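To start, the structure under review is shown below, and the notes come after it.
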Amino acid sequence: MRLVSLLPSATEIVYSLGLGEDLVGVTFECDEPPAARTEKTVVVGGRDTRGMTPGEIDSYVRAQLAAGADLYTLHAQALADLRPDLILTQDLCRVCALPSGHVEDALGYLGCRADVLSLDPHTLDDVLDSILAVGRRTGVSERATRLVGDLRARLARVAAAVAGRRRPKVAVIEWVDPPFTAGHWIPDLVSAAGGRPVAARPGAPSVPTSWAAIAAAAPDVVVAAPCGYHLPDVIEQARAAVQALPGTPVWAIDADGIVVRPGPRLVDGVEAMAAIFHPDAVPAAPPGAVHQVTAPS
């Protein structure tokens, strides 16, 4: 089966199911594993936002959406030339990836016949179900069932380790300028890690908020997880939370790696968060996963 993934989380799912050799096309953001972007055909491009501040990126996204413009460019002919059997895409977030309707329209125009599977998880359980869905559509249901079973077993071990302990109030910040609440599956990660999510919208999209509103929720700990960034950049951006919420412990986490992409590594995110909330009950997070941020001198 020839597979094309139009979102990074789907690429991770494909590789986790042992289907890397079947993957022929990806997006410019599919960087895990690194071979995905270097060895496969890139069929979706987008603006390189490196060098832009979070505020500048937010303004750019708002302007594009207000104008009805796309944030991503589908290289439709390149996609058709790959002759895919199955395309993995989404309708969850226009900021995260191309909507499935754009893909289907392009395929129809080009006369390309391929199945399209839209992965649109809103909760952590939905994410695990999406792995099973990919397994079914690609003929590896048993692999998918084993993988999800292993992930659920890890979640159960965390739950057992933090059971009966005080649950700190946790605010996860998905963007810093302006600050955004954490939505969709991220509050589930907090709960699974033994925390109590505040200033959050479980199962719903993230939305802009204010530092005052976050402060009013009185979090015991703040976790900075701006979408699209790995730990070194998150550490720098988390200083905005340190300044806005003095006296509240602020941690940075590898957002793009283990928090915001709805794939198997979300369980790594739960384990890393548990290490923040309950360091005496669970193993320490691996290097590169989390970092406690201090106020600038």
Practice problem: All but one of (1) within 16 Å of the chain's Cα centre (by Cα); (2) farther than 24 Å from Ala163 by Cα hold for Asp268, so report the exception by its number. | Solution: (2)
Quiz item: Just to be sure, is Val158 closer than 25 Å to Met273 by Cβ, in contact with a Leu (Cβ under 7 Å, 6 or more places away or on another chain) and either at pLDDT 95 or above or of a type outside the set (Lys, Arg) (or both)?
Solution: no
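Residues are listed down the side, and each one gets a yes or a no for (1) over 26 Å from Pro33 (Cα atoms); (2) of a type in the set (Gly, Ala, Ser); (3) part of a loop (DSSP other than H, G, I, E, B):
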site	(1), (2), (3)
Ala240	yes, yes, no
Gln243	yes, no, no
Gly247	yes, yes, yes
Arg261	no, no, yes
Pro264	no, no, yes
Val270	no, no, no
Met273	no, no, no
Pro279	yes, no, yes
Pro286	no, no, yes
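Conditions tested, residue by residue: (1) open to solvent by 40 Å² or more (accessible area, probe 1.4 Å); (2) among the small types (Gly, Ala, Ser).
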position	(1), (2)
Val190	no, no
Ala199	no, yes
Ile235	no, no
Leu245	no, no
Trp251	yes, no
Val259	no, no
Val270	no, no
Quiz item: When you look at Val223, is it open to solvent by less than 20 Å² (accessible area, probe 1.4 Å) and either part of a helix (DSSP H, G or I) or touching a Gly at 6+ places or on another chain (Cβ under 8 Å) (or both), yes or no?
Solution: no
Quiz item: Can you find even one residue in the stretch 204-220 that is in a strand (DSSP E or B), open to solvent by less than 10 Å² (accessible area, probe 1.4 Å) and among the β-branched types (Val, Ile, Thr)?
Solution: no
Quiz item: What number of residues within the stretch 1-14 satisfy the criterion of being within 13 Å of Val140 (Cβ to Cβ) and surrounded by fewer than 20 Cβ atoms within 10 Å (Cβ to Cβ)?
Solution: 1
Quiz prompt | Long-range neighbours under 6 Å by Cβ, at least six apart or interchain, first residue of a type in the set (Lys, Arg) within the stretch 196-218, second open to solvent by less than 60 Å² (accessible area, probe 1.4 Å) | solution = Arg196/Lys169; Arg201/Thr181; Arg201/Gly183
Exercise. Name the single residue, out of those in the stretch 66-95 being open to solvent by less than 60 Å² (accessible area, probe 1.4 Å) and at pLDDT below 65, that is farthest from Val43 (Cα to Cα).
Key: Gly68
Quiz item: Is the stretch 262-272 home to any residue that is over 30 Å from Gly135 (Cβ atoms) and among the basic types (Lys, Arg)?
Solution: no
Quiz item: Any idea which residue in the stretch 23-42 is nearest to Arg2 (Cα to Cα), counting only those that are open to solvent by 50 Å² or more (accessible area, probe 1.4 Å), at pLDDT 90 or above and charged (D, E, K, R)?
Solution: Glu39
Exercise. Could you tell me which of the residues Gly51, Gly45 is open to solvent by less than 30 Å² (accessible area, probe 1.4 Å) and either at pLDDT 75 or above or not aliphatic (A, V, I, L, M) (or both)?
Key: Gly45
Quiz prompt | Exclusive hit being within 22 Å of Val260 (Cβ to Cβ), open to solvent by 50 Å² or more (accessible area, probe 1.4 Å) and at pLDDT 95 or above, set Asp120, Asp126 | solution = Asp126
Self-check item: Answer residue from the stretch 175-196, given it is part of a loop (DSSP other than H, G, I, E, B) and at pLDDT below 95 and is nearest to Ile253 (Cα to Cα) among those
Solution: Thr181
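The values are calculated or read from the model by the stated rules, or taken from the named source; none is laboratory data. All values derive from a computational prediction rather than experimental measurement. FYI the Cβ positions are ideal-geometry reconstructions off the backbone, even for glycines, and counts take in every protein chain you see. The area values use the complete protein model at the heavy-atom level, side chains included, leaving out ligands, DNA and RNA. Shrake-Rupley method; radii C 1.70, N 1.55, O 1.52, S 1.80 Å.
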